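Following: one structure in structure tokens, then a few remarks.
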Amino acid sequence: MLVVSKKPIIKELTIKKFSALGKSWGKIVVRHKEMGLYKNVHLVDKLYVLWNVTGTIIAREQSATTGVFLWLVAYPIGVLTYKIAVWRKIIGDTILTSWKTVPNIGNTMVLLNIPLNIKICLIESYPGSGAIYARSAGAWATIVA
């Protein structure tokens, strides 16, 4: 059973997105549509900009717009970020992003240094592009060569 924390959403890590239903470039293209809704969209850290800093998971939330489970990660330098949650991590565990680290669940490292035959997810096509491959719920890939 998944436990989702009841902590309030952090306003600095969300933006309000407005969707104007039935309109395209300001012109009405579909009649009888209501006005749009404001939705809170979480700002997820897909670029992994903090390297060699250990973060602690302080909450697990679910995105209202996409339904994806997210970790709220706190770093000792005072930064809070949302990251996409993976399996078997609980509140209080630590995660690390570095060039070469222990291949634990939730850690992030360069593809060159990952050992063979390990399940991985959230793969970038080139450094800094953000996670592109194997990033949906339950998706994973294996390095074979």
The stretch 134-145: number of residues that are surrounded by 13 or more Cβ atoms within 10 Å (Cβ to Cβ) and modelled with pLDDT of 85 or more: 4
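Quick check: anything in the stretch 109-127 of a type in the set (Lys, Arg) and under 26 Å from Val41 (Cβ atoms)? Walk me through it before giving the result.
Within the stretch 109-127, the subset of a type in the set (Lys, Arg) is 119.
So of that shortlist, the ones also under 26 Å from Val41 (Cβ atoms) come out as none.
No, the stretch 109-127 has no match at all.
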The one condition in (1) more than 29 Å from Lys11 (Cα to Cα); (2) surrounded by fewer than 17 Cβ atoms within 10 Å (Cβ to Cβ); (3) modelled with pLDDT of 80 or more that Lys33 fails to fulfil: (3)
The stretch 33-50 residues that are in a loop (DSSP other than H, G, I, E, B), paired with ones that are modelled with pLDDT of 70 or more and surrounded by 12 or more Cβ atoms within 10 Å (Cβ to Cβ) (beta carbon under 6 Å, 6 or more apart): Leu43/Leu13; Asp45/Thr81; Asp45/Lys83; Lys46/Gly130; Lys46/Ala131; Leu47/Gly130; Tyr48/Thr97; Tyr48/Thr108
Among residues of the stretch 73-122, those that are more than 13 Å from Val49 (Cα to Cα), modelled with pLDDT of 85 or more and in contact with a helix residue (DSSP H, G or I) (Cβ under 7 Å, 6 or more places away or on another chain), counted: 0
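From Ile10, Ile58, grab the single residue that is modelled with pLDDT under 80 and among the β-branched types (Val, Ile, Thr). Steps first, answer last, please.
On the way: Ile58 fails: modelled with pLDDT under 80.
Sole residue among the options that is modelled with pLDDT under 80 and among the β-branched types (Val, Ile, Thr): Ile10.
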Filtered residue count, the stretch 69-85, keeping only those that are surrounded by fewer than 18 Cβ atoms within 10 Å (Cβ to Cβ) and touching a Gly at 6+ places or on another chain (Cβ under 6 Å): 1
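Is it the case that Lys100 is among the charged types (D, E, K, R) and under 23 Å from Thr14 (Cβ atoms)? I'd like the intermediate steps shown before the answer.
On the way: among the charged types (D, E, K, R): yes; under 23 Å from Thr14 (Cβ atoms): no.
So Lys100 fails the test.
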Number of positions in the stretch 91-122 that are hydrophobic (A, V, I, L, M, F, W, C), more than 19 Å from the chain's Cα centre (by Cα) and not in a loop (DSSP other than H, G, I, E, B): 1
Identity of the residue in the stretch 46-68, surrounded by 14 or more Cβ atoms within 10 Å (Cβ to Cβ) and closer than 16 Å to Trp87 by Cα, that ends up nearest to the chain's Cα centre (by Cα): Val68
Inter-residue pairs, beta-carbon under 7 Å, first free of Cβ contacts under 8 Å to residues at least 24 places away in the same chain and in the stretch 89-117, second of a type in the set (Gly, Ala, Ser) and surrounded by 13 or more Cβ atoms within 10 Å (Cβ to Cβ), 6+ apart: Met109/Ser98
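The values are calculated or read from the model by the stated rules, or taken from the named source; none is laboratory data. Here the structure is a predicted model, which is why all the values come from computation and not from measurement. Cβ sites come from the backbone with ideal geometry, for glycine too, and all protein chains shown count toward neighbours.
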